[in-house]
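**Student:** Take this structure first; my questions come after.
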Amino acid sequence: KEGKLFVADVPEYNGRPLEFRQLWINGNKAVRARDVADFNDMHRILSLDKPNGIIYVPAKAVSKIAKSQKGEMVLHEMWCIANLRIKSIKMLGDSAAVTFHEPESHIHFMHPWPSPMVNTDGRNSAFYLTGAKELLDTPGEWHLDTKAGKIYYMPHKGEDLRKATVEAPALETLLKVDGTPDNLASNILIKGVTFSHATWMRPSI
């Protein structure tokens, strides 16, 4: 235990430290540390510079992770959500210029639609931040430090992780059924099997 946090070593999987973006505690999905508990409290972008791959946001929105190496922006657009790993944050007075890692930066800024919303009425695209230990400040949140090989969790009042069942997923695909145009997969019946706790790693790649 480290102050208000429970800490554990990252388990190994196939000879290397396991990387994951989901965590279940006593059967309940825990919250990956983020800057807002209520999505109604999300900040909104100020503007964007597509040619240079920059999104401008309020400086106060990113001040907590300005020096972090692992922050991510989850950006709500017209009809999709973009998961963007933050490459740099440059403070510019009341605003901040945020750039992103590849390949998501190129993918995000090259397509015309969907795109971050910037409207004259101020209803610009909303976003929240995740992926940085600096955001771990609310009971029920967790953070994976892949470089240090540690998992951090802030317990709810009275919650003891030493007595809990904690599950970190390793597989993205739990069942795969393949067929071909000439030999379609068919007449498959699955009974008595529970599929749960798969991982999803695309935003980390």
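The values are calculated or read from the model by the stated rules, or taken from the named source; none is laboratory data. Model, not experiment: these values are computed from the prediction. Neighbour counts run over all protein chains shown; Cβ positions are idealised from the backbone, glycine included. Accessible surface is based on the protein model in full, side chains and every heavy atom, while ligands, DNA and RNA are left aside. Shrake-Rupley method; radii C 1.70, N 1.55, O 1.52, S 1.80 Å.
**Student:** Where is the GNM fluctuation largest for the chain (alpha-carbon springs, 10 angstrom cutoff): Ile55, Ile190, Ile151?
**Tutor:** Answer for the Gaussian network model of the chain: Ile190.
**Student:** In nanometres, what is the gap between the two model label sites at Asn28 and Asn183, each 7 Å from Cα along Cα-to-Cβ?
**Tutor:** Result for the modelled spin labels: 4.8 nm.
**Student:** A further question follows. If packing is taken as the average count of other Cβ atoms within 10 Å, what order do 8-18, 139-149 fall into, highest mean first?
**Tutor:** 139-149, 8-18
**Student:** If you don't mind, there's one more thing I want to ask. Based on DSSP H runs of at least 4 residues, each adding -39500 (n - 2.57), what is the mean residue ellipticity at 222 nm of the chain after dividing by all its residues, to the nearest 500 deg cm²/dmol?
**Tutor:** Calculated at 222 nm, the ellipticity per residue is -1000 deg cm²/dmol.
**Student:** Continuing with this model, one more query. For the stretch 163-205, what does the alpha-carbon gyration tensor say about shape, rounded, prolate or oblate, given a ≥ b ≥ c as the root eigenvalues, a/c under 1.5 as rounded, and a/b over b/c as prolate?
**Tutor:** Taking the square roots of the gyration eigenvalues as a ≥ b ≥ c, the stretch 163-205 is oblate.
**Student:** Tell me, what is the per residue accessible area of the stretch 126-205 in Å², probe radius 1.4 Å?
**Tutor:** On a per-residue basis, 68 Å².
**Student:** Distance check, please: which entries in Lys64/Lys163; Lys4/Lys64; Lys29/Lys133; Lys64/Lys147; Lys60/Lys157 exceed 24 angstrom between their Cα atoms? Mind dumping the intermediate values first?
**Tutor:** Values: Lys64/Lys163 32 Å; Lys4/Lys64 19 Å; Lys29/Lys133 18 Å; Lys64/Lys147 20 Å; Lys60/Lys157 29 Å.
Correct reply: Lys64/Lys163; Lys60/Lys157.
**Student:** Right, another one. With a ≥ b ≥ c the root eigenvalues of the C-alpha gyration tensor of the stretch 109-205, is it rounded (a/c under 1.5), prolate (a/b larger than b/c) or oblate?
**Tutor:** Because a/c hits 1.5 or more and a/b fails to exceed b/c, the stretch 109-205 counts as oblate.
**Student:** Here's a follow-up. With +1 on the Cβ of every Lys and Arg and -1 on the Cβ of every Asp and Glu, and nothing else charged, how large is the dipole of the chain about its Cα centre, in debye rounded to the nearest 20? Don't jump to the answer; show the numbers that get you there.
**Tutor:** Values: 26 positive and 24 negative charges, 82 e Å.
Computed charge dipole of the chain: roughly 400 debye.
**Student:** Leaving out ligands and nucleic acids, note down the accessible area per residue over the stretch 44-105 with a 1.4 angstrom probe, in whole Å².
**Tutor:** 53
**Student:** Further question: Considering only protein heavy atoms and a 1.4 Å probe, what is the carbon-and-sulfur percentage of the accessible area of the stretch 1-91?
**Tutor:** Carbon with sulfur: 47 percent of the solvent-accessible area.
**Student:** Right, another one. By the gyration tensor of its Cα atoms, with a ≥ b ≥ c the square roots of the eigenvalues, what is the shape of the stretch 37-78: rounded for a/c under 1.5, prolate for a/b over b/c, or oblate?
**Tutor:** oblate
**Student:** Sticking with this structure for a sec: Rounded to a whole number of µm²/s, how large is the Stokes-Einstein D of the chain at 4 °C and 1.567 mPa s, given Rh as the Kirkwood radius over C-alpha pairs?
**Tutor:** 67
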